[in-house]
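Reading through the C-alpha cells given below for one structure.
Quick note: the coordinates plus some simple rules give every number you see, no bench work behind them. From a predicted model like this one, the values you see are computed outputs, not experimental measurements. Every residue, glycine among them, receives a Cβ derived from its backbone with ideal geometry; neighbour counts consider all protein chains shown.
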Amino acid sequence: MNPKTKIGLVLFQLAVAIGWAVGVVWFYFMVASVGEPVSTMAVLSYWARLLVGPVLLLVGSLSLIPEGRHQRSMSAVAFIGSLAIVFQALRAIAPAVGESYQRGSYAFAVLLVGIVGVSILSAVTGYTLYRDVRLPNGAGGLA
C-alpha cells in the first residue's frame, strides 16, 4: 500500500474515533443535565462502555502512523475498535432510523444511515490496514 494512502486511511479512522467520542461525551452531558442518576457508578460504567470502541480505535490508529514493532497488534486493536463502533451504531441508531422514517423525518433518517455507513467504512479501512501490515522479518505467523 502506498504510504500516503495508509496515512489517509489512518486519518479517516482517527476522525471517526474522535467524532464518535465527542458525540458520546456530548450526549452524556445532554442526558446528565436533564436529571439526577440513581447510581453514579452504573451511569459511569454505561458511558465508559460506550467509549471503549473510540478509545481502542484512537490508540490503534495513532500507533500505526510511525513505523514500529507493534504495528500488527495495534492494527488489530484499531480493527476491534472499529468493529465495536459498528456494533454500537447498529444497536443504537438502527431502531431510530425506522422511527424517524415512519414519522416522515427523512433527512434525519438519511443522517443516521450516513453515520452507520461511516462506521462500517471505518471497519473496512481497519481490516484493510490490518491486512496490509506485514510482520517483521524472522517473525513467525501469517504474513
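With θ taken as phi - 60° and the coefficients 6.51, -1.76 and 1.60, list the Karplus ³J(HN,Hα) couplings across the stretch 72-89 in order, rounded to whole Hz; mark glycine and proline as x.
My calculation for the stretch 72-89 gives 5, 6, 6, 5, 5, 5, 5, 5, 5, x, 5, 5, 5, 5, 4, 4, 5, 5 Hz in order.
Rounded to the nearest 0.05, what FRET efficiency do residue 111 and residue 32 give with R0 = 22 Å and r taken as the Cβ-Cβ distance? Could you check?
With R0 = 22 Å, the Cβ-Cβ based efficiency is 0.40.
May I ask you to list the residues of the stretch 3-37 whose amide nitrogen lies under 17 Å from a point 7 Å from Cα along the Cα→beta-carbon direction of residue 93?
12-28
Give me the dipole magnitude in Debye, nearest 20, for the chain about the Cα centre, with unit charges on the beta carbon: positive for Lys and Arg, negative for Asp and Glu.
400
Would you work out if the stretch 32-108 is rounded, prolate or oblate? Take a ≥ b ≥ c from the square roots of the eigenvalues of the alpha-carbon gyration tensor; rounded if a/c is under 1.5, else prolate when a/b is larger than b/c, oblate otherwise.
Oblate shape, in that a/c is at least 1.5 and b/c is the bigger or equal ratio.
Quote the relative contact order of the stretch 3-132 in percent (integer), defining contacts as alpha-carbon pairs under 8 Å separated by 6+ residues.
Normalised by residue count, the contact order of the stretch 3-132 is 28 percent.
Whole angstrom only: what separates the Cα centroid of the stretch 8-23 from the Cα centroid of the stretch 64-136?
With the stretch 8-23 and the stretch 64-136 each reduced to a Cα centre, they are spaced 9 Å.
Over the chain, what portion of Cα pair distances is larger than 22 Å, expressed as a whole percent?
Of all Cα-Cα distances in the chain, 47 percent exceed 22 Å.
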